[in-house]
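*Asks:* Below you'll find the structure I mean.
None of the figures in this text is laboratory data; all of them are computed from the coordinates on show. In this text, all values refer to a predicted model and were calculated from it rather than measured experimentally. Positions of Cβ are generated from backbone atoms using ideal geometry, with glycine treated the same way; all protein chains shown enter the neighbour counts.
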Amino acid sequence: MRCPFCAAEGSQVKDSRASEDDTAIRRRRACGECGGRFTTFERVQLRELTVLKKSGRSVPFNREKLEKSLSLALRKRDVDEAKVARMVSSIIRQLEASGETEIPVDTIGAMALDALKDVDLIAYMRFASVYRDFNEAGDFRSLLDELEADGEK
């Protein structure tokens, strides 16, 4: 592993352990050249996923972008980081299990909405307002009506 501080080749693993959600290995490393310490994560990847954007363009799937979107929707809500990491891991496992390598962005958004609906309805509404491109207050009212029809409060 190349050092992020001095770009020297090879670093020494000082400590390895499972991450909080048991979906990755967390490794503490030290650079033999500059002495810098840093952390890496090793995750299982069943296949390379590509996201098909609405514009027709394909981009590599980015776990951090999904995590950031969910965290933004959950901002100032009482949901811990480990729960967000588990939601992201669950969505990725579902995507990989589908057998498809090119996933439409709408599919990922719908899966994120489903995950948020089970965790926090305010975050669900925040995410839906961006994902469904709300333009007016009536859009929120329609979403609330949908939630009430589904038995959500």
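*Asks:* Residue 7 versus (1) in a loop (DSSP other than H, G, I, E, B); (2) touching a residue at least 24 places away in the same chain (Cβ under 8 Å): which is the lone unmet condition?
*Replies:* Of everything listed in (1) in a loop (DSSP other than H, G, I, E, B); (2) touching a residue at least 24 places away in the same chain (Cβ under 8 Å), residue 7 misses just condition (2).
*Asks:* Quick one: which strands (runs of 3 or more DSSP E) sit completely within the stretch 20-76 and have at least 2 residues that are among the aromatic types (Phe, Trp, Tyr)? Working first, answer last.
*Replies:* Numbers: elements: 24-31, 37-43, 50-52, 58-60.
It comes to 37-43.
*Asks:* Assess whether residue 48 counts as being closer than 26 Å to residue 90 by Cα and touching a residue at least 24 places away in the same chain (Cβ under 8 Å). Walk me through it before giving the result.
*Replies:* Details: closer than 26 Å to residue 90 by Cα: yes; touching a residue at least 24 places away in the same chain (Cβ under 8 Å): yes.
Yes, satisfied.
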